[in-house]
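Please treat every number below as a calculation from the coordinates, not as lab data. For clarity, every value in this text was computed on a predicted model and none was experimentally measured. Cβ: placed from backbone, ideal geometry, glycine included. Neighbour counts: every protein chain shown.
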Amino acid sequence: MTRHEDLAHASAQAVRLAIREKRWPGTTHDLAQGHIQSNLAVLPAGHALDFLRFCLRNPKPCPLLDVTDTGDPEARQAAPGSDLRTDLSRYRVYRDGAAAGEVDDLRALWRPDHVGFVMGCSLSFDAALEAEGIPARSFRRGARIPVFTSNIACVPAGVFQGPLVVSLKPIPKPWVERVIAVTERYPLAHGGPVHVGDPAAIGVDPRRAEWTTGCEIGPDEVPVFWACGVTPQAVAMAAGIPEMFTHCVGHMFLTDRTLDDIRV
């Protein structure tokens, strides 16, 4: 197995290859630092146009980086030479609106009518925060970022409708304004937060995360919430679509694009 430290400063291509060859089965936190990590959704072509509309109407949770040609597993714009069937370390399968299991590659499930959607992820801007002298890694609670279903409704498109999923970082009060300012520069990595302050206002209990694990908010911390790329999974469940494949939380697709490429 490849060590985490060997991949932290590796190229995105090297990380994808390690995952493809089953040398890295873990999450992608801090891997290929400076490169854009992304969420994945794979749908049959019959639902792809509505999902494209959904992404365009909801750019915070679904900031598009690439859409594949029908049947082509290569993300040619975001990561030439990649293979969406093998280059994520863990995938989730949804059928008829319910989670139907997890797999470590999609080769046996991929069909000629599948379309892949690659969407930016907030894991990418941790490196940007660190570059600004903001200790991003200290804001985490454990190995996985807390992720919650909020009471904020997404803008519907065709059959796709449902709640916005959000990620949480408890930010020390002196850092809040700077963290917001830095993340707003990266709209293709979810951009600035969608909510700051009282979690109950968006229907969240920080101690109970449906998608990962909950966390406590310290007395000198402010809960800050960003739109999350798990939103398509919640929408797939709410819409009851026949089939969707996605990344598992924390198991992202590494693109060749860098923070400098998407900074505004």
Fewest-first ranking of HIS9, HIS247, HIS195, HIS35, using other Cβ atoms within 10 Å as the exposure measure: HIS9, HIS195, HIS35, HIS247
Size of electric dipole in the chain: Cβ of Lys, Arg +1 and of Asp, Glu -1, about Cα centre, debye, nearest 20: 240 debye
Centroid-to-centroid separation of the range 141-220 and the range 37-104 [C-alpha atoms, Å]: 22 Å
Unpartnered cysteines - no second Cys beta carbon under 4.7 Å - across the chain: CYS121, CYS154, CYS215, CYS228, CYS248
Three-way shape call for the range 176-264 based on the alpha-carbon gyration tensor, with the a/c threshold at 1.5: oblate
Relative contact order (percent, whole number), the chain, Cα cutoff 8 Å, 6+ residue spacing: 30 percent
